[in-house]
Amino acid sequence: MSDIAFNPSYFNLWFSLCGLILNVVVMIVYSFESTLPTKQGRCFLLLTGAITLVELLTLWHCIWLDSAGLQQMVPVAIERYLTTAEKLVMLGTPLLAIRYIMEIYHLRLTKAQTMLMLALPQAISWLTVLSGLFSSFFFHYNERGEMLYNYPQGVLAYANAVVFLCFAAYKNFHYGYTLSIERRVILWLYLAMAILGAAMRIMTGSVSVYEFFLSISTLLYVYTLQNPREYMNLEAGCYNRRGFDYIIQTRLAQGRTFAVSSIYIDDLAILESTMEEQKASEILHGITDFLRQGCGESAEIFRLQSGVFAILTPTAEEGKSVRAMEYVCERFKEPWHGAHTGQVRLSAHACVMLCPKEASDLQQIVEILDQAEVEATRQSKLVIRTQELDMENRMKRRRIANAVKRAIEEHHFEVYYQPIFDPGTKRFTSAEALLRLRDPDMGFISPAEFIPVAERNGMIVQIDKYVLEEVCRLFAETDIRALGIRYIEVNLSVVDCIQSDLADRVMDTMRRYRVAPEEINLEVTETAEEGVSYTMLENIKKLAREGVAFSLDDFGTGYSNLMRMTQMPLKLIKLDKSVVQPAFENDYSYRILLGMIRLIRTLHKEIVAEGVETEEQSLRLIRLNCDHIQGFYYARPLGRDNFLRFLRDKN
Ligand code: C2E
Ligand code: MG
Ligand code: MG
């Protein structure tokens, strides 16, 4: 017994046995994961199966070598065929490994590449091994009956392995960035182990070390590259968002053309949240199965969000994709059934885009998908095309971005001032600075349009710097203090607020024009993003310490987080016009307004009511104790000279 355990001539046997056990574990792990029948999965199973077979044959051979009984039962001649078979399968594993890596990277080879890189080296390797049956040029058998390579010519048997390793290394270099770090490391580790295993095999002559190394790789694969949870949406039985990003990126990196169709299913999110998990999954599987049938074998299905599916088809044919989506949307007019669910009615819209023609990077694709969701529902079109979005929205945004850039260079911006009424003194004691853009070609562009664009591309920082500068100049160059203006409100974008030098810059500008901190009131809006709010808060606190006051703009819309509102050193809260205006149209809205005013009062903040358009609104808001009133009823935003004239007139 101790002879078997410690005698080096039995090491082969132990390595084979361990390798075999490892591979059985891999197969068990893999079969317990509920996966989808993908090509990558099939390649993985083939590879694991081949390695298992090699290990079984090696194990058998090791035992045969040491067992006189077996040698009598199975004569040498037969054993040589078995050994040859083992070698053939073993030298087939690089081919399977390369097919697997091709699936991971979604690579397709041309006929010539297949011949040169796969078929030819494989044929050389296999023929070398087969020659061992009738010639001893590449191989010889020792006295124990082991098949041994004759070097250097025996190296020819590794011809395919060498080509495959180079190929895989090259692809890893090229496309590795599309994978997660973990996956990239695993693929490199696989190559390192294959090289190390082959080297050890040549040096030691051991038959089992190499196979053992391969088994370790499959074990690594099964927990990473074959881990379905990472890239699959198991509820719906298709790829998830990460799978989408990854497959799209690899396709784009390879310069392939393909079509992405997205399907927006109304009410699916609600349905899912109200239904039992298993029942919802039945419906979801029904949908993915239908999509798979409807879009053909080569299509890949993704679930990007609860109610958003995407289909990737390898041929970018517009007509075909549009027809397929029309067919899909038509199907949604019929109800869906599951074995344990009743009838479920859903409706769907779709969008078709051709890549890379219409979108050439992942971000662009995702942007179009988001926009198409809104547009498809708005236009109540069954299938919307990317060009239809382009005209409506994308081109316009691009043109606006250009206009903004030009406006900065050629000074097309102008700051307007909207006077704000103070019922206490019955005078206009403040004003809001509002930016105006008049493009020579596009004419007047509303801030509601160009501010979001400028926020996206970062130009807003420069723009707001300009506005603050203009406001300070107004204080320095005119007599608005004497005309009754105590402070001017200046809007700050969230993008400004996350600039770490915001506070210093603002203070610096104000000092330069000798404007007191109390004379500028910065308006901020709340955002939903926690991370952004932290830096924002730091900036606000720093400026507040210097004596600059803050207003919370647009209160009553979007993301007014009451908790965070109490954390900010705010002086004023501005009630948005969407809260103010309906309050005088129905009782319900009126009570909401009352509640808000009461809330702001308990926090001891001043109130500004925005969007006041009639005398009646103004009177009632004054009666409700609003501290400041802003709106078209008193004045529209005015250019600098008109603003000064207005103040001289009214104050
Ligand atoms: P905001 O800060 O809430 O500004 C108030 C908006 O309401 C202004 O629109 C103003 O013209 C409008 N308004 C005032 N009174 C009335 C009224 O009685 N009825 C109606 N229907 N509207 C009224 P504007 O100038 O188009 O600006 C829109 C938004 O663009 C602003 O909303 C602000 O968020 C942003 N914005 C404007 N100028 C700047 C700026 O210099 N920097 C930054 N970051 N944002 C700016
Ligand atoms: Mg404002
Ligand atoms: Mg506002």
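Count of the stretch 498-516 residues, restricted to those that are of a type outside the set (Ser, Thr, Tyr), farther than 22 Å from ILE451 by Cβ and modelled with pLDDT of 95 or more, is 8.
Every residue, every condition in (1) within 16 Å of ligand 3 (Cβ to nearest atom); (2) in contact with a Pro (Cβ under 8 Å, 6 or more places away or on another chain), yes or no:
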site	(1), (2)
ILE420	yes, no
GLY424	no, no
ALA431	yes, yes
LEU437	no, yes
ASP441	no, no
ILE445	no, no
ALA448	yes, no
ILE451	yes, no
ALA454	no, no
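Taking the stretch 426-448 as the range and being without any contact (Cβ under 8 Å) to a residue 24 or more places away in the chain, in contact with a strand residue (DSSP E or B) (Cβ under 7 Å, 6 or more places away or on another chain) and open to solvent by 60 Å² or more (accessible area, probe 1.4 Å) as the test, only PHE444 passes.
Taking the condition open to solvent by less than 60 Å² (accessible area, probe 1.4 Å), without any contact (Cβ under 8 Å) to a residue 40 or more places away in the chain and out of contact with any Leu (no Cβ under 9 Å at 6 or more places or on another chain), does LEU70 pass? Spelling it out, LEU70 is indeed open to solvent by less than 60 Å² (accessible area, probe 1.4 Å), without any contact (Cβ under 8 Å) to a residue 40 or more places away in the chain and out of contact with any Leu (no Cβ under 9 Å at 6 or more places or on another chain).
Would you confirm whether or not the stretch 492-509 contains a residue that is free of Cβ contacts under 8 Å to residues at least 12 places away in the same chain, under 32 Å from the mean Cα position of the chain (by Cα) and surrounded by fewer than 17 Cβ atoms within 10 Å (Cβ to Cβ)? Looking for residues that are free of Cβ contacts under 8 Å to residues at least 12 places away in the same chain, under 32 Å from the mean Cα position of the chain (by Cα) and surrounded by fewer than 17 Cβ atoms within 10 Å (Cβ to Cβ), one finds at least one in the stretch 492-509, hence yes. Applying the set (1) farther than 25 Å from TYR105 by Cβ; (2) out of contact with any Cys (no Cβ under 9 Å at 6 or more places or on another chain) to SER208 leaves exactly one unmet item: (2). Looking across the stretch 457-478, the residues that are over 13 Å from VAL415 (Cα atoms) and in contact (Cβ under 8 Å) with a residue 40 or more places away in the chain come down to ASN457, MET459, GLN462, PHE475, THR478.
Scanning the stretch 225-248 for residues being buried (at least 18 other Cβ atoms within 10 Å of the Cβ) and either of a type in the set (S, T, N, Q) or more than 30 Å from GLY286 (Cα to Cα) (or both) gives a total of 3. When ASP464 is tested against (1) more than 29 Å from PHE646 (Cα to Cα); (2) of a type in the set (D, E, K, R); (3) outside any loop (DSSP other than H, G, I, E, B), only condition (1) is not met. Within the stretch 399-446, being of a type in the set (Ser, Thr, Tyr) and more than 16 Å from ligand 2 (Cβ to nearest atom) holds for THR425, THR429. Considering the stretch 577-610, the residues that are surrounded by fewer than 19 Cβ atoms within 10 Å (Cβ to Cβ), outside any helix (DSSP H, G or I) and of a type outside the set (S, T, N, Q) include one that is farthest from ligand 2 (Cβ to nearest atom), namely GLU585.
Residue-by-condition table, conditions (1) among the aliphatic types (A, V, I, L, M); (2) in contact with a Gly (Cβ under 8 Å, 6 or more places away or on another chain):
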{"site": "TYR487", "(1), (2)": "no, no"}
{"site": "ALA503", "(1), (2)": "yes, no"}
{"site": "ARG512", "(1), (2)": "no, no"}
{"site": "GLU518", "(1), (2)": "no, yes"}
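Filter the stretch 87-128 down to residues that are touching a Ser or Thr at 6+ places or on another chain (Cβ under 6 Å) and assigned to a helix (DSSP H, G or I), then give me how many there are. Summing the residues that are touching a Ser or Thr at 6+ places or on another chain (Cβ under 6 Å) and assigned to a helix (DSSP H, G or I) in the stretch 87-128 gives 0.
The values are calculated or read from the model by the stated rules, or taken from the named source; none is laboratory data. Everything numeric in this text was worked out from a predicted model, so none of it was measured. Don't worry about glycine lacking a Cβ; one is built from the backbone with ideal geometry, like all the others, and counts go over all protein chains shown. These accessible areas exclude ligands, DNA and RNA; they are computed on the full protein's heavy atoms, side chains included. Shrake-Rupley method; radii C 1.70, N 1.55, O 1.52, S 1.80 Å.
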